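Okay, so here's the structure we're looking at.
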Amino acid sequence: MNRRLLTILLIAFVIAGICAWMVYHIVGSRITAAKPVSTTKVVAAAKDIPLGAVLTAADLTTISIAGAPPKGAITKPEDAIGRGVVAEIYQGEPVLTTRISGPGAGGGLAPTIPNGMRACAIRVDEVVGVAGFVIPGMRVDVMASGNPPAGAGPADGPETETILQNIQVLSAGTDIQKDAEGKPVQVQVVNLLVTPEQAETLSLAATNLRLQLVLRNPLDTQVAKVAPTGMRNLFTGQAPSTTPVHAKSSRKAPAKTYTMIISNGPKTSEQKFASPGGQQ
């Protein structure tokens, strides 16, 4: 073989070896300099846990999370056992303090009620129950029908008025969550999530009037201005008044006048004038 060719090949191998050593040295130094990522063990759900359930040891497991754990994460299973679930937790999801009730609160409906709110139970008729839209989580309006008290409205029959709008159904009967297929159930009592003031309104209306639930789109959060509707509107074809029945009339009373008789010989005439004192 040509000596010159051997020299060129030897030089090439030497250069390649030097380059490989430099690459290995650079990459190895970077790997050595990289700090290991710290992990934290947190409590997670071992299976899907429904709303209202009380956590047990069989419901929980532990997982490792790289970096900082999420806010409200629980690191010890004993800190979660015995507490109620206020929002569904899915398998593998960390158990957060915002998804479970406080220690000693237990499970069921009560821990799911937010601070400052109330669960008000109202009875629904068979038509509403058979219709089957009373599913927990849905939004409804509440209408009340009956005869207004004396002096509160016209004396020509019962009226219907929307007393509450965009109210969440908290539970239907004894169920506080949807079933696996999301099917409605026939119930006689539903719990609505309301404020204390709305709870008083519901209680008073349920005692004296007939209540009806009206289903609405959960994305429709607008509160509509709805005037009461009476029997007069149904049988006369008139649209409901835009002025609430219980509001005071803003129309002014007609001005009082007095009449003056003027005689001019055989001719007699009458003229009417406004009375400053209100007398005729």
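The values are calculated or read from the model by the stated rules, or taken from the named source; none is laboratory data. The structure displayed is predicted, hence computed values, not measured ones. Glycine gets a Cβ as well: all are built from the backbone with ideal geometry, and neighbour counts include every protein chain shown.
Table: residues versus (1) assigned to a strand (DSSP E or B); (2) farther than 29 Å from residue 171 by Cα; (3) not assigned by TED's automatic domain parsing to the domain that holds residue 170.
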site: 23; (1), (2), (3): no, yes, yes
site: 26; (1), (2), (3): no, yes, yes
site: 43; (1), (2), (3): yes, no, yes
site: 52; (1), (2), (3): no, no, yes
site: 58; (1), (2), (3): no, no, yes
site: 70; (1), (2), (3): no, yes, yes
site: 82; (1), (2), (3): no, no, yes
site: 92; (1), (2), (3): no, no, yes
site: 102; (1), (2), (3): no, no, yes
Subject >> Flag for residue 14 being of a type in the set (A, V, I, L, M, F, W, C) and exposed (fewer than 10 other Cβ atoms within 10 Å of the Cβ) >> reply: no
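If you take the residues of the stretch 201-230 that are farther than 15 Å from residue 143 by Cα and of a type outside the set (S, T, N, Q), which of them is surrounded by the fewest Cβ atoms within 10 Å (Cβ to Cβ)?
Checked the stretch 201-230; the qualifying residue surrounded by the fewest Cβ atoms within 10 Å (Cβ to Cβ) is 219.
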**OP:** Tell me, please, whether a residue that is modelled with pLDDT of 85 or more and either of a type in the set (Val, Ile, Thr) or exposed (fewer than 14 other Cβ atoms within 10 Å of the Cβ) (or both) can be found in the stretch 166-174.
**Re:** yes
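Given the residues 79, 48, which is the only one that is touching a residue at least 12 places away in the same chain (Cβ under 8 Å) and in contact with an Asp or Glu (Cβ under 8 Å, 6 or more places away or on another chain)?
Details: 79 fails: in contact with an Asp or Glu (Cβ under 8 Å, 6 or more places away or on another chain).
One residue alone meets the criteria, 48.
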